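> Have a look at the structure that comes next, please.
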Amino acid sequence: MEISFRPVEHRDFPLLLAWLARPHVREWWDNGDDTLEKVAAHYGSPSAARFIALQGEGRPIGYIQYYRADADEVGVDMFLGEPELVGRGVGTATLRAFLGLVAQREHPRTVIVDPDPRNGRAIRCYTKVGFQPVATITNDDGHPALIMRLDLRTPTPDKEGTT
């Protein structure tokens, strides 16, 4: 499966707004009161390196970002915007491809993700890529988060879960 990435541009804000309104995204990602202005302010900010994930010849399929958590660690967040792609391994393939881009650009020692502990779909995806749970916390928004970490110095599992 060919996955590529391009930086988020202003022209992507209506697409992001539409994706954020979809039930499978809204359940875990957002508070549901987005407007085009709010999306532009948030996704246009430089607080993270923000990308549109593309499948094949350039079909937009989701959003993914990374940010520097500290000198040796990068955080990643993502969602698939297209509901028909959920549960088909596309998220796992997207994350694997994105980790290659992050490693090349940032050279982090570890990568972290922080899904809601009830989001089994995301946790399965992260586990398939090699992330391990390390703690459950309450994030800055007051919501529970399962901190999962991937050490980039060790091999990650392949599609069958072996290294």
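> With +1 on each Lys and Arg Cβ and -1 on each Asp and Glu Cβ, and nothing else charged, work out how big the dipole of the chain is about its Cα centre, in Debye to the nearest 20. If you can, show how the numbers build up before the last one.
Working: 19 positive and 23 negative charges, 87 e Å.
Dipole size: approximately 420 debye.
> Net charge near Gln65, counting Lys/Arg +1 and Asp/Glu -1 over other residues with Cβ under 12 Å of its Cβ? Before the final figure, lay out each step's value.
Working: positive: Arg50, Arg68; negative: Asp77.
Combined, the nearby Lys, Arg, Asp and Glu give +1.
> Please report, to one decimal in angstroms, the Kirkwood hydrodynamic radius of the chain built from all distinct Cα-Cα pairs.
Numbers: mean 1/r = 0.0618 Å⁻¹.
It is 16.2 Å.
> Looking at the chain, identify the longest residue range that excludes and avoids all GluC sites (Glu not before Pro) in DSSP loops having at most 15 other Cβ atoms within 10 Å. Spell out each step's value before the answer.
Values: sites that count: Glu2, Glu9, Glu57, Glu160.
Between exposed loop sites, the widest span is 58-159.
> Which of Ile147, Ile64, Ile137 ends up with the largest GNM mean-square fluctuation for the chain, with Cα atoms connected below 10 Å?
Ile137
> Net charge within 10 Å of Asn139 by Cβ-Cβ distance, Lys/Arg positive one each and Asp/Glu negative one each, not counting Asn139 itself? If you can, show how the numbers build up before the last one.
Details: positive: none; negative: Asp114, Asp116, Asp140, Asp141.
Here the count lands on -4.
> Using only the Cα atoms, work out Rg/Rh for region 1-65, with Rh taken as the Kirkwood radius, to two decimals. Don't skip to the end; give the middle numbers.
Working: Rg = 11.7 Å, Rh = 12.2 Å.
The Rg/Rh ratio comes out at 0.96.
> Okay, next question. Taking only protein heavy atoms into account and a 1.4 Å probe, give the accessible area per residue of the chain in Å². Provide the component values of the computation, followed by the final result.
Values: 8830 Å² over 163 residues.
Accessible surface, normalised per residue, equals 54 Å².
The values are calculated or read from the model by the stated rules, or taken from the named source; none is laboratory data. These figures come from a predicted structure and were not determined experimentally. Backbone-built Cβ (ideal geometry, glycine too); neighbour counts: all protein chains shown. With ligands, DNA and RNA removed, areas are computed over all heavy atoms of the protein, side chains included. Shrake-Rupley method; radii C 1.70, N 1.55, O 1.52, S 1.80 Å.
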